[in-house]
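In what follows, a structure is listed as structure tokens, so that the remarks can point back to it.
The values are calculated or read from the model by the stated rules, or taken from the named source; none is laboratory data. Given the structure is predicted, the values throughout are model-derived calculations rather than measurements. Note that we place each Cβ from the backbone using ideal geometry, even for glycine, and neighbour counts take in every protein chain shown. Just so you know, the surface numbers come from the protein's heavy atoms only, side chains and all, with ligands and any DNA or RNA stripped out. Shrake-Rupley method; radii C 1.70, N 1.55, O 1.52, S 1.80 Å.
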Amino acid sequence: QVQLVESGGGLVQAGGSLRLSCTASGIIFSVNDMGWYRQGPGKQRELVATITRWGSTNYADSVKGRFTISRDVAKNRVFLQMNSLKPEDTAVYYCNLIERPNYWGQGTHVTVSS
């Protein structure tokens with residue numbers, strides 16, 4: 001049974017920073033790759049950052065150099081540090097498995113004003 005709870009979103013001005021957190025239950029990080037997804041208004045959900053079971057990371061071109069994904073295996077948490085935020089980053093952000101992400105949490109809203 002997988003449960004995902006995202007937090008840390010809010011309203012921030014362009015150029016500001018936010019740190020998103022995800023607490024996962026029913027997931028073993030040593031055997032699962034995790035990622036952060038986002039869905040903006042009227043847009044499809046997209047994968048913006050991943051961290052593998054080995055700890056390696058990857059990013060979408062749109063956020064590379066600005067976002068950093070990390071994890072705390074002992075606490076079953078995944079983080080997304082978001083710097084130099086742009087209005088285009090406005091979206092609902094979700095954490096989830098990379099393989100078979102069949103359950104979605106409520107997400108956390110991020111709004112970036114110009």
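For region 97-108, what are the residues that are under 14 Å from Val5 (Cβ atoms) and open to solvent by 60 Å² or more (accessible area, probe 1.4 Å)?
Correct list: Tyr103, Trp104, Gln106.
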statement: Residue count, region 62-96, condition at pLDDT 95 or above and more than 20 Å from Leu18 (Cβ to Cβ), comes to 0
field: Inter-residue pairs, beta-carbon under 9 Å, first over 23 Å from Thr52 (Cα atoms) and in region 69-96, second modelled with pLDDT under 95 and surrounded by fewer than 22 Cβ atoms within 10 Å (Cβ to Cβ), 6+ apart
entry: Lys86/Ser114; Pro87/Ser114; Thr90/Pro41; Ala91/Pro41
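Quick grid of which residues meet (1) assigned to a strand (DSSP E or B); (2) buried (at least 17 other Cβ atoms within 10 Å of the Cβ); (3) in contact (Cβ under 8 Å) with a residue 60 or more places away in the chain:
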residue: Val5; (1), (2), (3): yes, no, yes
residue: Val12; (1), (2), (3): yes, yes, yes
residue: Arg19; (1), (2), (3): yes, no, yes
residue: Ile28; (1), (2), (3): no, no, no
residue: Gly35; (1), (2), (3): yes, yes, yes
residue: Gly42; (1), (2), (3): no, no, no
residue: Ala49; (1), (2), (3): yes, yes, no
residue: Asp61; (1), (2), (3): no, no, no
residue: Gly65; (1), (2), (3): no, no, no
- request: Tell me which residues, restricted to region 1-17, are of a type outside the set (Gly, Ala, Ser) and under 17 Å from Gly105 (Cβ atoms).
  value: Gln1, Val2, Gln3, Leu4, Val5, Glu6
- prompt: Considering region 79-96 alone, what residues qualify as being within 12 Å of Tyr37 (Cα to Cα) and open to solvent by less than 20 Å² (accessible area, probe 1.4 Å)?
  reply: Leu80, Asp89, Ala91, Tyr93, Cys95, Asn96
